[in-house]
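Since the structure comes first, as C-alpha cells, the remarks are kept for the end.
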Amino acid sequence: MRKQIVAGNWKMNNDTLETAALLDALNAAALPEDVRVMVAPAFTQLTQAKTLTENTAIEVAAQNMNAAASGAYTGEISAKMLLGIDIQTVILGHSERRAYYNETDASLAEKVTTAIENGLEIIFCFGEELQERKDNVHFDVIERQLRVALFDLPASAWKNIILAYEPVWAIGTGETASPEQAQEIHAFIRQLIAKQYDAALAENTSILYGGSVKPNNATEIFSMQDVDGGLIGGAALNADDFLKIVMAF
Ligand code: PEP
C-alpha cells in the first residue's frame, strides 16, 4: 500500500530561531498516524531540525545533494554527509534547481543513481512549464523527464522513490492545477510506471502534487484517486497552514 505524504520544502527560509519556532508549533500538534510528515530545511538547519524532531513522527529531508562521492566541489554536499547526520531523504530535481542551477534530466539521473546507491530515499520533482502546457506537449515532457532520470533504475530501487509532480506554472504563483488536471497527470504517470515496470510497482509508488497547495484547496486535491499527498512550498512556512494541509486527507 502506498503512503500518504505531506512534505514541506522550506527552500532558503528559516534561520535558527525561525526553525525552532516552526518545529515547536508542529511538534505541539497531534499528527495523523497514516500520513508521513516531512520538512526539508536548508542544509545549515538539518542537524537542528533532526534534534528538535527526535522522538516525534516528523521526518527531516534535505533539499539537494551532489552526484559525486566527494572532491573539489566548493559549496556542495554529498550523500554520505547527509547520511552522517541521519538524513534519509533528499529532494532532487526541484524546478528552481533546474531553472537557476542548470540541473537537467541527465544530471539528475546521476544524482538519482548516487542517492540510490547510498540507500537514500528520493523525492523526485518534475513537471512541465506553462508554454509546454499551452503547446499541449506536457505529457511528452513528463514522460521524458521520468524516462531520462528514473526509468533506467532497477525495480528494486523504486521502494526509495517518491514522485512529486509540480507543474512549474503552479509553483509559488498562487495558480493551482485543478484537481482534475492533477488527477489526469498522476494517472498518466502511474500508467507509465506500470508499462515500464509493472502494475504492482506503479500502485505502490506515492505520487505527490506540488504547486500552490494551501489549506483551502488541499482536501479537494488530495481526494483525487492518484494523488497521494503534496510537496508544499509557501504554506509550509506557516505552522497553522501546514498542519491544516497535513490534516486535509
Ligand atoms: C514547491 O516549491 O515545491 C512548491 C510547491 O511551492 P508552492 O507550494 O509555494 O507553490
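Observations on the model:
- Spin-label zone in the stretch 1-40 - amide nitrogen under 12 Å from a point set 7 Å from the Cα of T51 along the C-beta vector: 16-17, 20
- Across the alpha-carbon set of the stretch 1-78, the Rg to Rh ratio works out to 1.02, Rh being the Kirkwood radius.
- Semi-axes of the equivalent ellipsoid for the chain, computed as √(5λ) from the eigenvalues of its C-alpha gyration tensor and ordered from largest down, come to 25, 22, 17 Å.
- By the helix-only formula, in which each DSSP H run with n ≥ 4 contributes -39500 (n - 2.57) and the sum is divided by residues, the chain has a 222 nm mean residue ellipticity of -11000 deg cm²/dmol.
- Order of S107, S156 under a 10 Å beta carbon neighbour criterion, fewest first: S156, S107
- Taking a sphere under 13 Å around the Cβ of A149 and counting the other residues whose Cβ falls inside, with K and R at +1 and D and E at -1, yields a net charge of 0.
- Shown is the FRET efficiency for N136 and M1, computed with R0 = 35 Å from the Cβ-Cβ distance and rounded to the nearest 0.05: 0.55.
- Neighbour-count order for H94, H186, fewest beta carbons within 10 angstrom listed first: H186, H94
- You can think of it this way: the chain between F188 and T74 has 37.1 nm of extra reach, that is 0.36 nm per residue less the Cα-Cα gap.
- Label zone of M81 (point 7 Å out along Cα→Cβ, amide N under 18 Å): in the stretch 6-25 this covers 11-13.
- Pairs of Lys residues in the chain that lie 8 or more places apart, or on two chains, and have C-alpha atoms under 27 angstrom apart add up to 27.
- Candidates K195, K11, K159: whichever shows maximal mean-square fluctuation once the chain is modelled as a Gaussian network with Cα springs under 10 Å: K195
Coordinate-derived values only; no laboratory data. Predicted model, so just to flag it, every value in this text is computed and none were measured. Cβ sites come from the backbone with ideal geometry, for glycine too, and all protein chains shown count toward neighbours.
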